[in-house]
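Presented below is the structure to which this report refers.
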Amino acid sequence: MSIHPTPALLGSLYWITLIAVVVSSASGVLKAGFKQFDLFGVIIIAIATGLGGGSLRDMLLDREVFWIRDQVFFIASLGSAIAIFIAARLVVIPPRLFLVADAAGLATFSIAGTLVSLMVGAPWLVASFMGVMTGTMGGIFRDVLSNEPPVVFQSPLYATVSWGGALVFIGLIYLDTNVTHAAIVSGLGIFIARLLAIYFNISLPRFRFKT
């Protein structure tokens, strides 16, 4: 399965990716804020979070890294970091806002990663996993740089909802659903499912040795 990159589709992908970069970078700032890092540390973590997953995806797909091809994405990540850094000094930001920003970044990057992979001709299963990697690797980089265990390995239904949403997105396209509509439905599904998993503490079974 592959998708022909029409101008309208490329435009939709551009805006989905831009939103993903902004909200993911914001989640990186909020996580760095808990550690009370200085401005430079906050910016580094925000950029790693906002650009890391997509960078790894592009390198594996042998395509030009998206923020090197168009520096608007880098500027958006940097601007998001500085804006949240300043806002946190002026108003009270609830700690749980980090989870909302993180869920939004997971949803948008998962769909963007899947769509990019389909557009370069990746098989559907590979494309879905590329979506998972795009959605989660930025958060892994963020948590490692913050010296914490990655959220993806221990938090309620993180990569699981990402992969499920990516597969739903591909399934809707297979059924000839408009790609933009499929992206909206699948992205909202990931976002809502992630927040519900957090609220109700729904997670996969953990590995345990029998004693």
Looking at the stretch 105-211, which chymotrypsin sites (Phe, Trp or Tyr not before Pro) are in a loop (DSSP not H, G, I, E or B) and have at most 12 other Cβ atoms within 10 Å?
F207, F209
Can you compute 3J(HN,Hα) from phi for each residue in the stretch 200-209, using the Karplus curve 6.51 cos²θ - 1.76 cosθ + 1.60 with θ = phi - 60°, rounded to whole Hz and x for Gly and Pro?
9, 6, 8, 9, 6, x, 8, 6, 9, 7
Mind putting a number on the dipole of the stretch 1-141 about its Cα centre? Charges go on the C-beta only, +1 for Lys and Arg and -1 for Asp and Glu, and I need it in Debye to the nearest 20.
300
With charges only on Cβ, +1 for K and R and -1 for D and E, what is the dipole size of the stretch 94-211 about its Cα centre, in debye, rounded to 20?
400
Residues other than L118 with Cβ under 15 Å of its Cβ, Lys/Arg counted +1 and Asp/Glu -1, net out at 0
Go through [x] 23, 23, 17; [y] 26, 22, 15; [z] 46, 18, 12 and flag the label whose value is the computed semi-axes √(5λ) of the Cα gyration tensor in Å for this structure.
[y]
Accessible area (Å², per residue) of the chain, counting only protein heavy atoms and a probe of 1.4 Å:
52
Whole-percent carbon and sulfur contribution to the accessible surface of the stretch 55-118 (1.4 Å, no ligands, DNA or RNA) stands at 70
Residue-wise HN-Hα coupling along the stretch 48-53, computed from phi with Karplus coefficients 6.51, -1.76, 1.60 (Hz; x: Gly, Pro)
4, 6, x, 10, x, x
Could you tell me which residue out of L125, V22, I84 lies farthest along the dipole of the chain toward its positive end? Charges go on the beta carbon: Lys and Arg +1, Asp and Glu -1, centred on the Cα centre.
I84
First select every other residue whose beta carbon is under 14 angstrom from the beta carbon of F98; then total the charges, Lys and Arg +1, Asp and Glu -1.
+2
Going by Cα centres, the stretch 31-47 and the stretch 184-211 are how many Å apart?
27
Potential extension, V185-H4 segment - 0.36 nm per residue separation minus Cα distance
63.1 nm
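The values are calculated or read from the model by the stated rules, or taken from the named source; none is laboratory data. The structure presented is a predicted model; accordingly, all values stated were derived computationally and were not measured. Every residue, glycine as well, gets a Cβ built from its backbone with ideal geometry; the counts of neighbours run over all protein chains shown. Just so you know, the surface numbers come from the protein's heavy atoms only, side chains and all, with ligands and any DNA or RNA stripped out. Shrake-Rupley method; radii C 1.70, N 1.55, O 1.52, S 1.80 Å.
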